[in-house]
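Before any comments, here is the structure.
Here, each number is a calculation from the coordinates, and none is a lab measurement. Keep in mind the model is a prediction, meaning the values are calculated, not measured. As a convention, Cβ positions derive from the backbone with ideal geometry for all residues, glycine included, and neighbour counts pool all protein chains shown.
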Amino acid sequence: MARRALLSTVDNPHSPFDAWDSWLAYDMACGYNTSGLLARIAVTSEEISDSDYDLAVEHAIDEIVRENVSGLHIKVTKEVD
């Protein structure tokens, strides 16, 4: 099993793993655009491997959570197959 990390907010009642559409609708209704924030911070490319892409995204999540300017963002993890 591998561990997967996603970025969320402390107030979102939905799991981005299990209820993506509900999670995203809540996030956008609140005006957070968490996915957009992550896309701006993550240094990725279509030319890198999937594992390097996942690592770059996780590093961006860690940076956002560490800086946490808004106080809203959290890192959530789940074991996946």
The simple spin-label model distance between MET28 and ARG4, using points 7 Å out along Cα→Cβ, in nm, is 2.0 nm
Any idea what the alpha-carbon Rg over 2.2 N^0.38 Å comes to for the range 1-40? 1.16
Neighbour net charge for MET28 - beta-carbon separation under 14 angstrom, K R +1, D E -1: -3
To the nearest 10 degrees, how steep is helix 20-29 against the longest Cα principal axis of the chain, on a 0 to 90 scale? 60 degrees
What is the spin-label model distance, in nm, from LEU72 to LEU37 if the labels are put 7 Å beyond Cα along the C-beta direction? 0.6 nm
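So which GluC sites (Glu not before Pro) in the range 37-81 are both in a DSSP loop and have at most 13 other Cβ atoms within 10 Å of their Cβ?
Numbers: sites: GLU46, GLU47, GLU58, GLU63, GLU67, GLU79; in loops: GLU46, GLU47.
Sparse-neighbourhood loop GluC sites (Glu not before Pro): GLU46, GLU47.
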Mind computing the radius of gyration and Dmax over the alpha-carbon atoms of the chain? Å is fine for both. 12.6, 35
Rounded to the nearest 10 degrees, what's the angle between the helix 50-67 long axis and the longest principal axis of the chain, both from Cα atoms, 0 to 90? 40 degrees
